[in-house]
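**Student:** Pasting in a structure now, in structure tokens, and then I'll have a few things to ask.
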Amino acid sequence: MAGQEMDREKVIKAIEDLLDALGEDRSREGLKDTPRRVADAYAEMLAGVGQDATEHLSRTFEDTSGGMVVESGISFSSLCEHHMMPFFGTVCIAYIPDGKVVGLSKLARCVDVFAKRLQIQERMTRQIADEIMRVLAPKGVMVVCEAEHTCMTCRGVKRPCTRTTTVATAGSFPEEARKEVFARMTLAKQ
């Protein structure tokens with residue numbers, strides 16, 4: 001689907017075929033509009049396909065303060081590419097500017113670009129870090145993602161409330177700064 005728009009009519013037909021294959025009666029009231037609703041949901045959940053995070057990160061402001069920027073609790077939802085089931089959680093982005101910063105809302109928009117596509121958490125975390133490093137050229141960046149995967153909590157091993165944490169860094173991100181990021185994340189959860 002990368003680089004092309006979703007074919008809404010094909011998605012609707014596929015959901016109709018799926019409902020038929022599952023033995024459902026598509027004419028019953030609760031299912032009459034389900035194929036259309038699912039197509040609308042997929043269009044929304046996969047809106048990051050074809051988007052470029054550079055668009056959001058390229059509007060910067062000069063800053064020579066040298067302090068670390070940390071934005072935590074950026075909520076997201078995505079679709080696991082293995083089961084097409086949702087995973088959701090929060091992202092914490094920390095970077096050490098090298099003369100320029102970006103508006104805080106732009107970091108959340110960057111997360112959305114990579115989350116709103118068929119994805120795996122490990123790749124998403126790395127993509128966010130790499131894009132911030134590429135566009136902002138900070139001294140260093142660290143991205144921490146914590147998520148619950150419904151493909152693990154609702155099926156398979158069925159372990160509700162299990163969360164997965166992934167971390168990606170780029171550039172120079174000192175150990176002291178890493179510890180500070182994790183300490184801030186711990187405080188934010190309390």
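**Student:** Between Arg155 and Glu176, what FRET efficiency follows from the Cβ-Cβ distance if R0 is 30 Å, with the result rounded to 0.05?
**Tutor:** Numbers: r = 41 Å, r/R0 = 1.37.
Computed FRET efficiency for Arg155 and Glu176: 0.15.
**Student:** In percent, how large is the relative contact order of the chain, given Cα pairs closer than 8 Å and 6 or more residues apart? Provide the component values of the computation, followed by the final result.
**Tutor:** Values: 327 pairs, mean separation 36.8, N = 190.
Result for the chain is 19 percent.
**Student:** A further question follows. Find the centroid of the Cα atoms in region 106-134 and in region 159-190, then give the distance between the two in whole Å.
**Tutor:** 16 Å
**Student:** Within region 123-175, report the trypsin sites (Lys or Arg not before Pro) that DSSP leaves as loop and that have at most 15 other Cβ atoms within 10 Å. Let's see the in-between values first.
**Tutor:** Working: sites: Arg123, Arg126, Arg134, Lys139, Arg155, Lys158, Arg163; in loops: Lys139, Arg155, Lys158, Arg163.
For trypsin sites (Lys or Arg not before Pro) across region 123-175 that sit outside H, G, I, E and B with at most 15 neighbouring Cβ atoms in 10 Å, the list reads Arg155, Lys158, Arg163.
**Student:** Return the loop-located GluC sites (Glu not before Pro) in region 1-43 (DSSP other than H, G, I, E, B) with at most 11 other Cβ atoms within 10 Å of their own Cβ; answer none if there are none. Present the calculation step by step, with values, prior to reporting the outcome.
**Tutor:** Values: sites: Glu5, Glu9, Glu16, Glu24, Glu29; in loops: Glu5, Glu24.
The qualifying sites are Glu5.
**Student:** Explain nothing, just compute: Karplus ³J(HN,Hα) = 6.51 cos²θ - 1.76 cosθ + 1.60, θ = phi - 60°, for every residue of region 64-77 in order, whole Hz, x for Gly and Pro.
**Tutor:** 10, 5, x, x, 6, 9, 10, 10, 10, x, 6, 6, 8, 9
**Student:** Can you pull the accessible area of Asp20 for me, 1.4 Å probe, Å² to the nearest 10?
**Tutor:** 80 Å²
**Student:** Using a 1.4 Å probe, what is the accessible area per residue for the chain, in Å²?
**Tutor:** Numbers: 10640 Å² over 190 residues.
Ligands and nucleic acids excluded, the result is 56 Å² per residue.
**Student:** Okay, moving on. Along the positive direction of the dipole of the chain (beta-carbon charges: Lys, Arg +1; Asp, Glu -1; about the Cα centre), which of His149, Ser58, Gly103 reaches farthest?
**Tutor:** His149
**Student:** Which angle between 0 and 90 degrees, to the nearest 10, do you get for helix 34-45 versus the longest principal axis of the chain when only C-alpha atoms count?
**Tutor:** Approximately 10 degrees, to the nearest ten.
**Student:** GluC sites (Glu not before Pro), restricted to region 58-123: which are DSSP loop and have at most 14 other Cβ atoms within 10 Å? Don't skip to the end; give the middle numbers.
**Tutor:** Details: sites: Glu62, Glu71, Glu81, Glu122; in loops: Glu81.
Qualifying residues, ordered by number: Glu81.
**Student:** Tell me, what % of the accessible area of the chain is carbon and sulfur with a 1.4 angstrom probe?
**Tutor:** 50 percent
**Student:** What size of dipole, in debye to the nearest 20, comes out for the chain about its Cα centre when the only charges are +1 on Lys and Arg C-beta atoms and -1 on Asp and Glu C-beta atoms? Spell out each step's value before the answer.
**Tutor:** Working: 26 positive and 28 negative charges, 85 e Å.
In total the dipole reaches around 400 debye.
The values are calculated or read from the model by the stated rules, or taken from the named source; none is laboratory data. Predicted, not measured: the structure shown is a model, and the values here were computed from it. All Cβ positions, even for glycine, are placed from backbone atoms using ideal geometry, and neighbour counts span all protein chains on display. Note: accessible area is taken over every heavy atom of the protein model, side chains too, but ligands, DNA and RNA are not part of it. Shrake-Rupley method; radii C 1.70, N 1.55, O 1.52, S 1.80 Å.
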